[in-house]
Amino acid sequence: MIEKKLISGFSKLTKDQKLSFIAAQMPNGEHIISELKSFWHQDASVQKMFDEFSENTLTNYFFPYGVAPNVMINGNIMMVPMVIEESSVIAAAANSAKYWAGKGGFHSEILSTVKNGQVHFIWKGDFRRLKELFPQLKDQLLQRTFPITANMQKRGGGVLDMELIDMTSKLQDYYQLSVKFDTRDSMGANFINSCLEEYASGLRAFVNDSGLFEGEPLQVIMSILSNYTPECTVRTWVECDVKDFADIDDSLTAEDFVWKFEKAVQIARVDVHRAATHNKGIFNGVDAVALATGNDFRAIEACGHAWAARDGQYRSLTEIKVEGGRFHYSLTLPIAIGTVGGLTSLHPMARFSLHLLGNPSAPELMQIASVIGLANNFGAIKSLTTKGIQIGHMKMHLLNILNMFNAGESEKLLAVEYFKHHKVSHNAVAGFLSSIRNGHVKN
């Protein structure tokens, strides 16, 4: 166990020294070093690149990389890469994709691609005077960032709008300079933050040093992009005739299935406990695509959950409409995602993922991620309203349980066959392994 004391200078140690420092304070230290090094990339230059992605790097942490085939989006079929450790997520996405491919596939459209950021400042001065002079200030600020924005403008993006916002009803003397951006195919965090910091310096100089204002100086609190991007949204949906669900489950008619499905979605609209789990199922798919393509899934989730609570109550991100014998199920999601910059071109697997997807633009990747999110969500609700989610999930989890019990390959083969017809649980697997290890093979 690592000593519970402050460590000075750890970041300055080499990676080998960091490993030795940690191993020296744990049992089987040499084994720990060997095990951690076993996850290093065999190409030293690639490993060096991985090390430089983060700080205090010791080794690499592997997640499974899989694909969901047969994903039809707006008539085009593709194979979508997914990185996730949870059993059954990729299987659910693949099953839903194949199911809907036979019914016209998924449909998706981009509603907007605007991102935003703010300079947050405190000021006791004359805000009306600042508003009057804002056109002059705006011109100065835009000129100030021209060296930063020139290349983005050539690609059709850049700064779209800028406004002053009075926030004093929320917090005394608090104002914002709010800016909208189009960052094209990049997620744009570094671009946006660089612009905002320049705007903060320009705003401070305009108010404090120009001689145009009297009183206490303006104080910039911070300049930062917002991960809440309600104007960077994609809408994805599936639709078919209700009668087309006749093949969905042996125990339900098409009408009964749609009724239960609709009620499940309505429950997620009104109950926060169900809404959280409902939306988690969406992000199972969205996050897996984000990870596979080197995107920031934490920012994506933060935005999605804020959007889910935009009317004051946390709700499901999906909506359902059943009218005139027609089933329509949709997901509207704000999602800031990129295909250039960051790890998207540096990480070899992120680069491969984008190649596998046909090198999509950022709006196209928004559509792909939202489709996989809706596919996972549909699969989850389908299971919940028919046979229950644990049957499929635990069968996918079977190999994890067998590995926990150090099952050999022959034992795994026997277990997989046995649990095709029996419920999976830790106790059931333990009992099965005990039985065959004692010479009794169950049927």
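Confirm whether Gly379 is at pLDDT below 85 and within 20 Å of Phe283 (Cα to Cα). Taking the combined requirement at face value, the residue does not satisfy it.
In a residue-by-residue description of segment 32-44, the property of being touching a Lys or Arg at 6+ places or on another chain (Cβ under 9 Å), under 28 Å from Leu399 (Cα atoms) and among the polar types (S, T, N, Q) applies to no position. Residues that are on the phi > 0 side of the Ramachandran plot and under 23 Å from the mean Cα position of the chain (by Cα) were ranked within segment 81-110; the one that is surrounded by the fewest Cβ atoms within 10 Å (Cβ to Cβ) is Gly105.
Taken as a whole, the condition of being touching a helix residue (DSSP H, G or I) at 6+ places or on another chain (Cβ under 7 Å) and either of a type in the set (D, E, K, R) or in the same structural domain as Leu177 (by TED's automatic domain parsing) (or both) applies to Val119.
Would you check if Val265 is assigned by TED's automatic domain parsing to the domain that holds Thr253, surrounded by fewer than 16 Cβ atoms within 10 Å (Cβ to Cβ) and of a type outside the set (Asp, Glu)? Here the answer is no, as Val265 does not meet what is asked. Only residues that are more than 17 Å from Ser96 (Cα to Cα) and part of a strand (DSSP E or B) were counted across segment 222-281, and they come to 8.
Per-residue answers, yes or no, for (1) of a type in the set (Ser, Thr, Tyr); (2) within 32 Å of the chain's Cα centre (by Cα):
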position	(1), (2)
Ser210	yes, no
Pro217	no, no
Ile221	no, yes
Ala246	no, no
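Residues in segment 282-322 that are small (Gly, Ala, Ser) and outside any loop (DSSP other than H, G, I, E, B): 9 in all. Exactly one residue out of Ala336, Ala309, Ala302 is under 22 Å from Gly117 (Cβ atoms) and either touching a Lys or Arg at 6+ places or on another chain (Cβ under 7 Å) or not assigned by TED's automatic domain parsing to the domain that holds Glu262 (or both), and it is Ala336.
If you filter segment 134-144 down to residues that are closer than 15 Å to Asp161 by Cβ and either in contact with a helix residue (DSSP H, G or I) (Cβ under 9 Å, 6 or more places away or on another chain) or basic (Lys, Arg) (or both), you find that the one that is surrounded by the most Cβ atoms within 10 Å (Cβ to Cβ) is Leu141. Screening Lys124, Lys98, Lys131 for residues that are in contact with an Asp or Glu (Cβ under 6 Å, 6 or more places away or on another chain) and either closer than 26 Å to Met167 by Cβ or at pLDDT 95 or above (or both) leaves exactly one candidate, Lys124.
Results for (1) in contact (Cβ under 8 Å) with a residue 12 or more places away in the chain; (2) closer than 18 Å to Gln219 by Cα; (3) aliphatic (A, V, I, L, M), shown as yes or no for each residue.
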{"residue": "Pro147", "(1), (2), (3)": "no, no, no"}
{"residue": "Gln153", "(1), (2), (3)": "no, no, no"}
{"residue": "Met167", "(1), (2), (3)": "no, yes, yes"}
{"residue": "Ser178", "(1), (2), (3)": "yes, yes, no"}
{"residue": "Phe181", "(1), (2), (3)": "yes, no, no"}
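Among the residues of segment 179-211, those that are surrounded by fewer than 18 Cβ atoms within 10 Å (Cβ to Cβ), among the polar types (S, T, N, Q) and either touching a strand residue (DSSP E or B) at 6+ places or on another chain (Cβ under 8 Å) or part of a helix (DSSP H, G or I) (or both) comprise Asn190, Asn193, Ser194, Ser201, Asn208. Scanning segment 400-438 for residues that are surrounded by fewer than 19 Cβ atoms within 10 Å (Cβ to Cβ) and outside any helix (DSSP H, G or I) turns up Phe405, Asn406, Gly408, Lys420, His421, His422, Lys423, Ser425, Asn438. Of all residues in segment 338-349, those being assigned to a loop (DSSP other than H, G, I, E, B) and out of contact with any strand residue (DSSP E or B) (no Cβ under 9 Å at 6 or more places or on another chain) number 1. When Glu364 is tested against (1) within 27 Å of Ile192 (Cα to Cα); (2) touching a residue at least 40 places away in the same chain (Cβ under 8 Å); (3) in a helix (DSSP H, G or I), only condition (2) is not met. Per the conditions (1) over 20 Å from the mean Cα position of the chain (by Cα); (2) buried (at least 18 other Cβ atoms within 10 Å of the Cβ), the sole criterion not satisfied by Gly281 is (1).
The values are calculated or read from the model by the stated rules, or taken from the named source; none is laboratory data. It should be emphasised that the depicted structure is a prediction, and the values quoted were computed from it without experimental measurement. Because the Cβ atoms are built from the backbone with ideal geometry, glycine has one as well, and the counts that use them run over all protein chains shown.
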